[in-house]
Amino acid sequence: MNLTLGFPEFSPETGLRRRTGIESAVAGFEQWMTDPESPVRAVRRQPARSGEFEMVPEPVHASLREVLAQRGIERLYTHQAEAFRRVSSGANVVVVTPTASGKTLCYNLPVFNRLIEDPEARAMYLFPTKALAEDQLHEFQETVEAMGSGIRAFTYDGDTPQDARRAIRERANVVLTNPDMLHAGILPHHTRWAKVFENLRYFVIDELHYCRGVYGSHVANVLRRLKRICEFYGSSPQFICCSATIANPRELAESLTGLPFELVDCNGSPAGEKYFVFYNPPVVNRQLGIRRGYLNETRRIALEFIERNQQTLVFANNRLATEVLVTYLKDAAERSPLGAGAVRGYRGGYLPRERREIERKLRNAEIRAVVATNALELGVDIGTLDTVVMAGYPGSIASTWQRAGRAGRRQGTSLAVLVASSAPVDQYVIEHPDYFFERSPEHAHINPDNLEILINHLKCAAFELPVRDGERFGPHDTADLCRFLEEAGFLHQSADAWHWTSDTYPADAISLRAVTSDNFVVVDITGEPTVIADVDFPAALTALHEKAIYLHEARQYQVERFDYEARKAYVRSVDCDYFTDAIDYTQVKVLEEFDSAPVSGARAVHGDVRVNRQVVGFKKVKFYTMENVGAGSLSMPEQEVHTTACWLHFPEGFLSRFPDLTPTERQSGLTGLGNALRAVASLLVMCDPRDLGVAITEDISGGLKTWEPNLYLYDNYPGGIGQSAPLQKMHRRLLTGAAELLAACRCESGCPGCVGPIGEVGERGKEVAARILAELLAG
């Protein structure tokens, strides 16, 4: 959006440099779009809408009405009033309205009303992130103070000081926590929480749509454990759930809780005007399909907004991209009157003090820009935000709208820009804007009956309370499962119940998001040793290996020692112009086939596999130019995971249909095909592409070394999460979608937006992948 970007708005001829604000930016994008070669693929406007209101329901307590009136709320939005009526009638309710539609009041109003009438009542709020819990606590306490009430609310998470925890358990009317803390810090210690569980009347789940995939499957089992503990203490809480717009909110709520729900989806909230821009970085080499780097383009666009005095939130999809963008924007701000302090980073791994400071300064408009991961995606109400820039497609339509909704939350005009990366999913979405803007919302799926997840949470349940003979865990009879755990040395049957006998603490061994719950601590040894961050296990293997450049708040640290056993990485501050990117090697072995279907001489298979992954080296990548300036070898511990996969098996007879291809060209074609299939698969099952791994492993048949490869798409989680089976059943749609992706891509021989770059798939990679697809679809 400046001369280096070629944005016509700012050419001397147009004179549009004088225009300021979001309207000026939008005008520039729209003008730029008239160029046939423009990187602007779409500019869509959502007009402002007026609200629909109802009077505050009669049962609302007078003191609560007074506080609402003081805030200028004389009437409620229609969905808020409807939610209050249904909760008051005793129903479990799920509220589904767009971002910034006042969903918080849908649960706060009935909870406050009950607490005023019954000071001994308790409520528990479940939020997916600490940032959201802090934001909601701030709003809750403002209402309490305005009422002059004795209602007490506290957050209870990993940042809560030890000396405050007992007081919270004894005194809190409302506890705001997250699934991880409920799982590992509350349910296993339920005897300390007896007063809460005996009087628990409401259980609120905010951002319900976030509870999908492996995370949602774990949360469903945590809620199974919660319900049996509540039953033990004689309570039966009502559930109130709130979600952004998805296709199956009631189904999801019922799958998570095992209870019937009533749906409230009559959105009555007003909204300000919003513009949404799709931006695809320009092609710089058409033959290779290479585009300008999306992080550099994100930096340029964000800087234009920052310089226009627009408070801007930049979203990146991973820790490394976040820190690279923080570095870029801080460098630019330091050279301007703003100073480097005007830009901050925000992601998991920052210490609590840093996160709280950034949240406060963002809320008070003391900083101009924040670069964040999804840690700031959900629900944080920052009224002064003007623009959102997204570096890469977040992986789902719902998540993209959620991020875009962070701006303009006070009904003012706002702008969201999606900058596509070269990933195939990004390229598909950015080049097919109607797919995004006109598609119905996605379905959120969970698989709480995944055997590994189920067994692990049954262990936790038995630790918490003995499992009675005949007791069910969710829909499952527990007898066989308990016998299995007895053989494994965890349980013992006595007095008509199964008792925990192991000396382990089962909840500590289960992460709700990752393969393992182990975290690595990052220790800065530049001066006095200081802990500066913690990193989850999978990320640590690629980010904290020896010689890695670890980025934290735009500062570079070199890893001097990686202590795998002690789960610590020792780093020293350095000043360098590059960062590191890990290289890994993956091997997959079939354990059992569950289903198989013929595909024109090949086979589409679903089954169990074992995945062995090892980080074997790293690249040094220069800031800004992104050129490879060095490499190194590593010997990291190998990780082994049992999971499920969908794969294509190519017998020798199928591959013999391509006699003109060398073995290397066939391998390259399959590599490119795997990249395209993963992109399409992630859209079909509504998951992040990173939830699916891709690997090619040859199958040695009959003792002869004939090349009969398997092309795997495997669930990147132990035990699988239910993505492989539907992909095998949809294999025709999967193959057709991949063929369409290749046909639509304008590159000549392969690029990151379809099969992968030529350096990865070879000169004929795209051609071979297309030929294999045509052959598979011909049958």
Can you say whether residue 279 is open to solvent by 40 Å² or more (accessible area, probe 1.4 Å), among the aromatic types (Phe, Trp, Tyr) and touching a residue at least 60 places away in the same chain (Cβ under 8 Å), as far as the supplied structure shows? no
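If you scan segment 186-217, which residues turn out to be under 15 Å from residue 127 (Cβ atoms), part of a helix (DSSP H, G or I) and touching a strand residue (DSSP E or B) at 6+ places or on another chain (Cβ under 8 Å)? First the steps, then the outcome.
Step one: of segment 186-217, the residues under 15 Å from residue 127 (Cβ atoms) are 186, 202-211, 215-216.
Filter again for part of a helix (DSSP H, G or I), leaving 186, 208-210, 215-216.
Once the filter is applied, which keeps residues that are under 15 Å from residue 127 (Cβ atoms), part of a helix (DSSP H, G or I) and touching a strand residue (DSSP E or B) at 6+ places or on another chain (Cβ under 8 Å), segment 186-217 yields 186, 208, 209.
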Does residue 121 satisfy being in contact (Cβ under 8 Å) with a residue 60 or more places away in the chain and in contact with a strand residue (DSSP E or B) (Cβ under 6 Å, 6 or more places away or on another chain)? yes
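For residue 553, are the conditions met, namely being within 23 Å of residue 691 (Cβ to Cβ), among the acidic types (Asp, Glu) and in contact with a Gly (Cβ under 7 Å, 6 or more places away or on another chain)?
Working: within 23 Å of residue 691 (Cβ to Cβ): no; among the acidic types (Asp, Glu): yes; in contact with a Gly (Cβ under 7 Å, 6 or more places away or on another chain): yes.
Answer is no for this residue.
Can you name every one of the strands (runs of 3 or more DSSP E) wholly within segment 529-644 that holds 1 or more residues which are open to solvent by 60 Å² or more (accessible area, probe 1.4 Å)? Quick ask: steps written out before the conclusion?
Numbers: elements: 530-536, 549-552, 555-563, 568-574, 578-599, 602-622, 628-633.
It comes to 530-536, 555-563, 568-574, 578-599, 602-622, 628-633.
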Inside segment 182-206, can you point out the residues that are surrounded by fewer than 23 Cβ atoms within 10 Å (Cβ to Cβ) and of a type outside the set (A, V, I, L, M, F, W, C)? 185, 188, 189, 190, 191, 192, 195, 198, 199, 201, 202
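Of a type outside the set (S, T, N, Q), in a helix (DSSP H, G or I), under 19 Å from residue 92 (Cβ atoms) and modelled with pLDDT under 95: is that true of residue 231 in this structure?
Details: of a type outside the set (S, T, N, Q): yes; in a helix (DSSP H, G or I): yes; under 19 Å from residue 92 (Cβ atoms): yes; modelled with pLDDT under 95: no.
Considered against the rule, which asks whether it is of a type outside the set (S, T, N, Q), in a helix (DSSP H, G or I), under 19 Å from residue 92 (Cβ atoms) and modelled with pLDDT under 95, residue 231 comes out as no.
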Whether any residue in segment 670-687 is open to solvent by 10 Å² or more (accessible area, probe 1.4 Å) and over 30 Å from residue 512 (Cβ atoms) is what I want to check. yes
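Considering each of 757, 726 in turn, give the residue that is under 20 Å from residue 427 (Cβ atoms) and within 27 Å of the chain's Cα centre (by Cα).
Numbers: 726 fails: under 20 Å from residue 427 (Cβ atoms).
Residue meeting the stated conditions: 757.
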It is to be established whether one or more residues within segment 597-619 are at pLDDT below 85, out of contact with any strand residue (DSSP E or B) (no Cβ under 6 Å at 6 or more places or on another chain) and hydrophobic (A, V, I, L, M, F, W, C). no
Segment 739-751, residues that are among the small types (Gly, Ala, Ser) and in a loop (DSSP other than H, G, I, E, B): 749, 750
Go through 722, 630 for me and flag whichever is farther than 26 Å from residue 396 by Cβ and of a type outside the set (Ser, Thr, Tyr). 630
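When you scan segment 424-504 for helices (runs of 4 or more DSSP H) that lie fully inside it, which ones turn up with 2 or more residues that are under 33 Å from the mean Cα position of the chain (by Cα) and in contact (Cβ under 8 Å) with a residue 40 or more places away in the chain?
Working: elements: 424-431, 433-437, 451-464, 479-487.
Because the criterion is at least 2 residues that are under 33 Å from the mean Cα position of the chain (by Cα) and in contact (Cβ under 8 Å) with a residue 40 or more places away in the chain, the helices (runs of 4 or more DSSP H) in segment 424-504 that meet it are 424-431, 433-437, 451-464.
Please work out which residue is nearest to residue 601 (Cα to Cα), limiting yourself to segment 752-779 and to residues that are in contact (Cβ under 8 Å) with a residue 60 or more places away in the chain, open to solvent by 10 Å² or more (accessible area, probe 1.4 Å) and assigned to a loop (DSSP other than H, G, I, E, B).
First, pick out the residues of segment 752-779 that are in contact (Cβ under 8 Å) with a residue 60 or more places away in the chain: 752-758, 760-762, 764-769, 771-773, 775-779.
Next, from what is left, pick out any that are open to solvent by 10 Å² or more (accessible area, probe 1.4 Å): 752, 757-758, 760, 762, 764, 766-767, 771, 775, 777-779.
Filter again for assigned to a loop (DSSP other than H, G, I, E, B), leaving 752, 757, 762, 764, 779.
Details: 752: 29, 757: 29, 762: 25, 764: 23, 779: 8 Å.
Ranking the candidates gives 779 first.
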For segment 647-669, what are the residues that are among the charged types (D, E, K, R), surrounded by fewer than 18 Cβ atoms within 10 Å (Cβ to Cβ) and over 29 Å from residue 725 (Cα atoms)? 660
Evaluation of residue 59 against (1) buried (at least 19 other Cβ atoms within 10 Å of the Cβ); (2) assigned to a loop (DSSP other than H, G, I, E, B) (one fails), failing number: (1)
Inside segment 19-34, can you point out the residues that are touching a residue at least 24 places away in the same chain (Cβ under 8 Å) and more than 23 Å from residue 408 (Cα to Cα)? 32
Only one of 148, 158 is under 26 Å from the mean Cα position of the chain (by Cα) and surrounded by fewer than 17 Cβ atoms within 10 Å (Cβ to Cβ). Can you tell me which? 158
Inside segment 652-738, counting only helices (runs of 4 or more DSSP H) that do not spill past its ends, which hold 2 or more residues that are closer than 20 Å to residue 760 by Cα and free of Cβ contacts under 8 Å to residues at least 60 places away in the same chain? 663-684
Just to check your reading of the model, which residue among 56, 60 is more than 30 Å from residue 282 (Cα to Cα), touching a residue at least 40 places away in the same chain (Cβ under 8 Å) and out of contact with any Cys (no Cβ under 9 Å at 6 or more places or on another chain)? 60
Of all residues in segment 62-99 being β-branched (Val, Ile, Thr) and closer than 29 Å to residue 259 by Cα, the one that is surrounded by the fewest Cβ atoms within 10 Å (Cβ to Cβ): 78
List, please: which pairs have Cβ atoms under 8 Å, are six or more places apart or on different chains, and start with a residue in segment 204-227 that is free of Cβ contacts under 8 Å to residues at least 60 places away in the same chain and end with one that is of a type in the set (Gly, Ala, Ser)? 223/258; 227/258
Determine which single condition residue 267 fails, assuming it passes every other condition in (1) touching a helix residue (DSSP H, G or I) at 6+ places or on another chain (Cβ under 8 Å); (2) surrounded by 24 or more Cβ atoms within 10 Å (Cβ to Cβ); (3) not in a strand (DSSP E or B); (4) not hydroxyl-bearing (Ser, Thr, Tyr). (2)
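The values are calculated or read from the model by the stated rules, or taken from the named source; none is laboratory data. This is a predicted model, so every value here is computed, not measured. Glycine gets a Cβ as well: all are built from the backbone with ideal geometry, and neighbour counts include every protein chain shown. Heads up: the accessible areas ignore ligands, DNA and RNA and are worked out on the full protein's heavy atoms, side chains in. Shrake-Rupley method; radii C 1.70, N 1.55, O 1.52, S 1.80 Å.
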